[in-house]
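Q: Shown below is the structure under consideration.
Please treat every number below as a calculation from the coordinates, not as lab data. Predicted model, so just to flag it, every value in this text is computed and none were measured. Please note: Cβ atoms are built from the backbone with ideal geometry, for glycine as well, and neighbour counts cover all protein chains shown.
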Amino acid sequence: MTAAPAPARAAGRGDGRGGDRARPARLHRRARCAPGVRTLALVGFGLAIAACSSGDREAISAAVGAPAAIGPYSQAVRVGDTLYLAGQIGVDPTTGDFAPGGVGPQTRQALENCRAVLAAAGFTLADVVQAQVFLEDIDDFAAMNDVYAGYFTRAPPARATVAVAGLPRGARVEIMLTAVR
């Protein structure tokens with residue numbers, strides 16, 4: 001049986017067409033889990049997470065430190081010692097706006113968002129074993145790569161980078177990670 005926590009809601013239309021502002025969820029908000037599935041609430045390091053646990057599987061939602069999900073998905077799912085992160089775009093969680101200045105700053109913000117989700121689940125960037133990078137324009141590869149290289153200085157994870165026709169909310173870059181402890 002799988003269950004997903006209630007995502008933190010952003011003020012605004014919520015349709016991803018702008019006007020959305022990230023707003024931290026209330027710390028007392030509880031995950032809505034399926035019957036028979038344990039609800040966990042964890043607070044620490046400035047992050048509040050809600051998780052639904054069924055056996056050895058947890059859906060992770062970082063309420064502070066990463067933007068709220070813009071659809072019906074978990075920000076990460078832990079299965080055993082592996083954490084699968086949903087894609088993160090370069091949206092500042094405090095403003096709801098993209099990091100200004102193009103693909104470099106958006107890459108930095110996307111990786112900071114990934115770092116926040118990893119931390120919410122008790123992982124770090126050093127635990128990352130695989131990355132998928134999606135670029136709106138392959139000509140942005142060098143600028144993305146310069147920033148990315150600063151986050152993975154020792155034993156960088158395996159990575160695939162592809163150009164796509166479009167990304168959510170008009171993002172220039174989206175990054176998905178897999179981490180193992």
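Q: Out of the trypsin sites (Lys or Arg not before Pro) in the range 57-108, which ones are loop residues according to DSSP with at most 16 other C-beta atoms within 10 Å?
A: Passing sites in the range 57-108 do not exist.
Q: Now, a different point. Which ³J(HN,Hα) values, rounded to whole Hz and listed in residue order, are derived for the range 90-101 from phi using the Karplus coefficients 6.51, -1.76 and 1.60 in 6.51 cos²θ - 1.76 cosθ + 1.60 with θ = phi - 60°, glycine and proline given as x?
A: Once θ is set to phi - 60°, the couplings for the range 90-101 become x, 9, 6, x, 7, 10, x, 9, 5, 4, x, x Hz.
Q: Compute the distribution of all C-alpha to C-alpha distances in the range 67-180, in bins of 5 Å from 0, and list the percent of pairs in each, rounded to whole numbers.
A: Computed distribution, short to long bins: 2, 12, 24, 26, 20, 12, 3, 0.
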